[in-house]
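Taking it in order: structure first as structure tokens, then the write-up.
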């Protein structure tokens, strides 16, 4: 089984290295697609230029993390369309890789009818995959699945000549947003697995992975295949723990399990805000 991810934005920290090594240690072939030279690459992985899959550019205005996230959403769709890789985010810990063998592989919340695309495998012929690509390539990307009250302000701006772009839409629109709608529309959402197999929480805003009073069984049980740590966990470690995870936390345990010393690869201090930006950037329609 081969998995792949994309990285942009400086050297890898212990956070990404431990996640990548969790797959390697489980016997999974790992490929990291990049746009430029990246430091701290762990041994045992393949590095490929991302333009071999998708030749688009990363938006240079605004929040770099947000723009790279949009690029990553588009990139993974083209990756699945053109190759046999399974996509995994660089903040996913591998516990049991057997689930990656499924033709459809993603965590689905069937009550909410939503998915998370941190781990994603769809067949090349998937209608939902093509619907997502169609949205990415639309001259005017309108998230038509939004509720009327949410969609109305965007449509009013469009009528005024303010044309939305993919990087002007809110966080997750180009990822879980479009994919959840597409998979619901085609019925393929039923092919996914229970979301608990990939992530125990639907966010990590309460910093669950940094708490030191919970045993490993709290995070991993017999049903756990992957653990999604979320980017917000990394940001909290950077901003509140000096770039090093708290001792006895689950994150520190993962590092120890895979032979990664966080002190060798601390999360670097931020130069700019990493907060996701709301709908702010668009292109003005000219007469």
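The values are calculated or read from the model by the stated rules, or taken from the named source; none is laboratory data. The model shown is predicted, which means the values in this text are computed figures rather than measured ones. Here the Cβ positions follow ideal geometry from the backbone for every residue, glycine too, while neighbour counts run over all protein chains shown.
Check whether at least one residue in the range 249-263 is at pLDDT below 95, surrounded by 11 or more Cβ atoms within 10 Å (Cβ to Cβ), out of contact with any strand residue (DSSP E or B) (no Cβ under 8 Å at 6 or more places or on another chain) and more than 30 Å from residue 173 (Cα to Cα), and report yes or no.
Keep residues of the range 249-263 that are at pLDDT below 95, which gives none.
Scanning the range 249-263, I find no residue that is at pLDDT below 95, surrounded by 11 or more Cβ atoms within 10 Å (Cβ to Cβ), out of contact with any strand residue (DSSP E or B) (no Cβ under 8 Å at 6 or more places or on another chain) and more than 30 Å from residue 173 (Cα to Cα), so the answer is no.
Of the residues 33, 15, only one is in a strand (DSSP E or B), crowded, with 17+ Cβ neighbours inside 10 Å, in contact with a helix residue (DSSP H, G or I) (Cβ under 6 Å, 6 or more places away or on another chain) and modelled with pLDDT of 95 or more; which? If you could, list the steps in order and put the result at the bottom.
Numbers: 15 fails: in a strand (DSSP E or B).
Among 33, 15, only 33 is in a strand (DSSP E or B), crowded, with 17+ Cβ neighbours inside 10 Å, in contact with a helix residue (DSSP H, G or I) (Cβ under 6 Å, 6 or more places away or on another chain) and modelled with pLDDT of 95 or more.
Within the range 86-100, is even one residue under 30 Å from residue 251 (Cβ atoms), surrounded by fewer than 12 Cβ atoms within 10 Å (Cβ to Cβ) and modelled with pLDDT of 95 or more? Quick ask: steps written out before the conclusion?
Residues of the range 86-100 under 30 Å from residue 251 (Cβ atoms): 86-100.
Right, trim to surrounded by fewer than 12 Cβ atoms within 10 Å (Cβ to Cβ) and you get 98.
Still in the running and modelled with pLDDT of 95 or more: 98.
Yes, the range 86-100 has at least one match.
Identify the single condition in (1) out of contact with any helix residue (DSSP H, G or I) (no Cβ under 9 Å at 6 or more places or on another chain); (2) surrounded by 16 or more Cβ atoms within 10 Å (Cβ to Cβ); (3) free of Cβ contacts under 8 Å to residues at least 60 places away in the same chain that residue 181 does not satisfy, given that it satisfies every other one.
(1)
Report the residue count in the range 47-78 for those that are under 27 Å from residue 233 (Cβ atoms), in contact with a helix residue (DSSP H, G or I) (Cβ under 9 Å, 6 or more places away or on another chain) and part of a helix (DSSP H, G or I).
13
Name the residues in the range 155-171 that are outside any strand (DSSP E or B) and either buried (at least 22 other Cβ atoms within 10 Å of the Cβ) or in contact (Cβ under 8 Å) with a residue 60 or more places away in the chain (or both), would you? It would help to see each step written out before you state the result.
The first filter runs over the range 155-171 and keeps only residues outside any strand (DSSP E or B), leaving 155-161, 165-171.
Of everything in the range 155-171, those that are outside any strand (DSSP E or B) and either buried (at least 22 other Cβ atoms within 10 Å of the Cβ) or in contact (Cβ under 8 Å) with a residue 60 or more places away in the chain (or both) turn out to be 157, 161, 165, 166, 167, 168, 169, 170, 171.
Among the residues of the range 186-215 satisfying the criterion of being touching a strand residue (DSSP E or B) at 6+ places or on another chain (Cβ under 9 Å), at pLDDT 90 or above and outside any helix (DSSP H, G or I), which is surrounded by the fewest Cβ atoms within 10 Å (Cβ to Cβ)?
Of all residues in the range 186-215, those touching a strand residue (DSSP E or B) at 6+ places or on another chain (Cβ under 9 Å) come to 189-202, 204, 209.
Now drop any that are not at pLDDT 90 or above, which leaves 189-198, 209.
After this cut, where a residue has to be outside any helix (DSSP H, G or I) as well, the list is 192-194, 198.
Working: 192: 23, 193: 18, 194: 11, 198: 26.
Only one residue fits best here, namely 194.
Answer yes if at least one residue in the range 218-226 is within 21 Å of the chain's Cα centre (by Cα), surrounded by 19 or more Cβ atoms within 10 Å (Cβ to Cβ), modelled with pLDDT of 95 or more and assigned to a helix (DSSP H, G or I), and no otherwise.
No, the range 218-226 contains no residue that is within 21 Å of the chain's Cα centre (by Cα), surrounded by 19 or more Cβ atoms within 10 Å (Cβ to Cβ), modelled with pLDDT of 95 or more and assigned to a helix (DSSP H, G or I).
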